[in-house]
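The structure appears below as structure tokens.
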Amino acid sequence: MTSAPIVVHRPSHSGGRRGTVRSHGQDATLGPAYSDHDLVVFLEGAGVAEPEATLDDPQWVEWRGGHAHEFHAA
């Protein structure tokens, strides 16, 4: 388990990755992301400052089940 508050889950069979954010002890789904741009938009909406830089910070984001920044179908 990680302490990173943002998790980008494994690519789905149809492509894209689900993102979740932990806030106040609960996970909230950000939505399906099909690119880094989608994640940045979700993180901006969640109030994350400098979301582009956050994507590569392991203290903030854990990429699960695949390489970071890859969104193609599993």
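The numbers here are math on the coordinates, done by the rules we state, and not lab data. Because the structure is a prediction, the values reported are computed rather than measured. Here Cβ is always computed from backbone atoms with ideal geometry, including for glycine, and neighbour counts include all displayed protein chains.
Take the residues in segment 60-74 that are out of contact with any Leu (no Cβ under 8 Å at 6 or more places or on another chain) and not small (Gly, Ala, Ser); name whichever of them is surrounded by the fewest Cβ atoms within 10 Å (Cβ to Cβ).
Here the residue is His67.
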- If we ask which residues in segment 9-59 are in contact with a helix residue (DSSP H, G or I) (Cβ under 7 Å, 6 or more places away or on another chain) and closer than 15 Å to Glu70 by Cβ, their number turns out to be 3
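When the residues of segment 1-59 are filtered to those that are outside any helix (DSSP H, G or I) and of a type in the set (D, E, K, R), which remaining residue is surrounded by the most Cβ atoms within 10 Å (Cβ to Cβ)?
Arg17
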